[in-house]
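The values are calculated or read from the model by the stated rules, or taken from the named source; none is laboratory data. Just so it is clear, the model here is predicted, and its values are computed rather than measured. As a convention, Cβ positions derive from the backbone with ideal geometry for all residues, glycine included, and neighbour counts pool all protein chains shown. Just so you know, the surface numbers come from the protein's heavy atoms only, side chains and all, with ligands and any DNA or RNA stripped out. Shrake-Rupley method; radii C 1.70, N 1.55, O 1.52, S 1.80 Å.
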Amino acid sequence: MTLWRPTPADLWQGRDDSSEASNALRIFQTIAQTDRFAPKSSGIALLGFECDAGVWRNHGRPGAAQAPDVLRKALANMASYSGHDTLTDMGTITVAGDRLEDAQRALSDAVLACQQSGMRTLVFGGGHETAWAHGRGVLDAFPHERVAIINLDAHLDLRKADHATSGTPFRQLAQYCEAQNREFQYACLGVSRAANTQALWDEAARLNVTLVEDLDFRREALPVLESVLAQADRVYLTIDLDVLPAGEMPAVSAPAALGVSALDIMPVIDEICRSGKLQAVDLVEFNPIYDRDGQGARLAARLAWQIAHWWA
Ligand SMILES: N=CN[C@@H](CCC(=O)O)C(=O)O
Ligand SMILES: [Mn+2]
Ligand SMILES: [Mn+2]
């Protein structure tokens, strides 16, 4: 595995309550760790993508490269239940300078290896350039199945893809699907009319993207989701944390003026987990530089925790 490093063993730490009861456990005590990249036949593979080269290229505020380990630390102290699926920290893919495409290739390869061996993938990005790499790995793992790409995001991320940035991942996935003659099933939920130009909406219409705007989220997200899920065999869920209101999630490159509250997003995530089709999830655009007292990291980690909890 290229551009890969294992997670330092001492990163997973937390409060030790195990003297109180044998089941008083937290994630840091139950997560499996590896010092070499060796996918298992089941469970959840946690992968980091330490990269904000795409955010740089997209003229955003860099810092998301520091996210994976910050999110691991925030997840470490959360409770672990016996019903949880095995979570294995499969380490982190890094980027060398501006060589974004090499890092994306390495992440796609890691995701493909995990998926093919029977694991589901949970990736901590990274900017939203994570999604081109993660999505390609999932599409490659299931070449003959209908893979729905569900993006919770204020942005469409359908910018023209002459070269990859954090603003291009879904245009790249659309081109990839077109080249393979497979349907591009993309739903962007929570998207902001004010944060995307007319050109991007036009591109979304051309690509037949399923859309739910932030203003309509409470009313429309669940019924729209139902029809998206009905038409899919597998789901890749990508959560751009800038879908949340800036007050809940300041720790992103482009905070949302309005946003969709975490409590409104949770039922959508619950429904996706219940479908039994969820194959891959990532949390992207978290930028610790702009966090306040670790609040954003806690919320992002809670989303990850909830998914791991419901995924089982
Ligand atoms: N990941 C993509 N992000 C947005 C950034 C928008 C902004 O910086 O205002 C986009 O490209 O549209
Ligand atoms: Mn966004
Ligand atoms: Mn995005």
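What FRET efficiency, computed as 1/(1 + (r/R0)^6) with R0 = 22 Å and r the Cβ-Cβ distance, is obtained for Arg193 and Glu226, rounded to the nearest 0.05? Please report the intermediate quantities before stating the final value.
Values: r = 23 Å, r/R0 = 1.06.
The computed FRET efficiency comes out at 0.40.
Taking Cα atoms only, the orientation of helix 130-141 departs from the longest principal axis of the chain by about 90 degrees.
By how many nm would the segment from Ala205 to His163 lengthen if fully extended, with 0.36 nm per residue of separation less the alpha-carbon distance? Numbers along the way, then the final one.
Working: separation 42, 0.36 × 42 = 15.12 nm, distance 2.21 nm.
Fully extending the segment from Ala205 to His163 adds 12.9 nm.
Does the chain come out rounded, prolate or oblate, given a ≥ b ≥ c as the square roots of the eigenvalues of its C-alpha gyration tensor, rounded meaning a/c under 1.5 and, failing that, prolate meaning a/b above b/c? Show your work: numbers first, answer last.
Details: a/c = 1.38, a/b = 1.32, b/c = 1.05.
Rounded.
Applying the Kirkwood pairwise sum to the alpha-carbon positions of segment 9-81 produces a hydrodynamic radius of 14.5 angstrom.
Relative to the dominant Cα principal axis of the chain, helix 262-274 is inclined by about 80°. Between Asn181 and Ile289, the modelled label-to-label distance comes to 4.6 nm, taking each label 7 Å out from Cα in the direction of the beta carbon. Surface composition of segment 81-155: carbon plus sulfur atoms hold 49% of the accessible area, using a 1.4 angstrom probe and ignoring ligands, DNA and RNA.
Counting only heavy atoms of the protein chains, get the accessible area per residue of the chain (1.4 Å probe) and round it to a whole Å² value.
On the way: 12860 Å² over 312 residues.
In whole numbers, the chain has 41 Å² accessible per residue.
Helix-only arithmetic for the chain: the sum of -39500 (n - 2.57) across DSSP H runs with n ≥ 4, divided by the residue total, places the mean residue ellipticity at 222 nm at -11000 deg cm²/dmol.
So if I place +1 on the C-beta of Lys and Arg and -1 on the C-beta of Asp and Glu, and nothing else carries charge, what would the dipole magnitude of segment 133-225 be about its Cα centre? I want it in debye, nearest 20.
Details: 10 positive and 13 negative charges, 6 e Å.
Taking the Cα centre of segment 133-225 as origin, the dipole is about 40 debye.
Can you give the FRET efficiency to the nearest 0.05 for Ala38 and Asp216, using r as the Cβ-Cβ distance and R₀ = 35 Å? Working shown, then result.
Numbers: r = 45 Å, r/R0 = 1.28.
About 0.20, to the nearest 0.05.
Amide H to amide H distances under 5 Å link Gly48 with Gly91, Thr92, Ile93, Phe124, where only residues 5 or more positions off or on other chains count and H is placed in the peptide plane.
Rounded to the nearest 10 degrees, the angle from helix 100-117 to the longest Cα principal axis of the chain is 60 degrees.
First check a/c for segment 99-254, with a ≥ b ≥ c the square roots of the eigenvalues of its C-alpha gyration tensor; if it is under 1.5, answer rounded, and if not, answer prolate when a/b is larger than b/c or oblate otherwise. Rounded shape, in that the Cα axes give a/c under 1.5.
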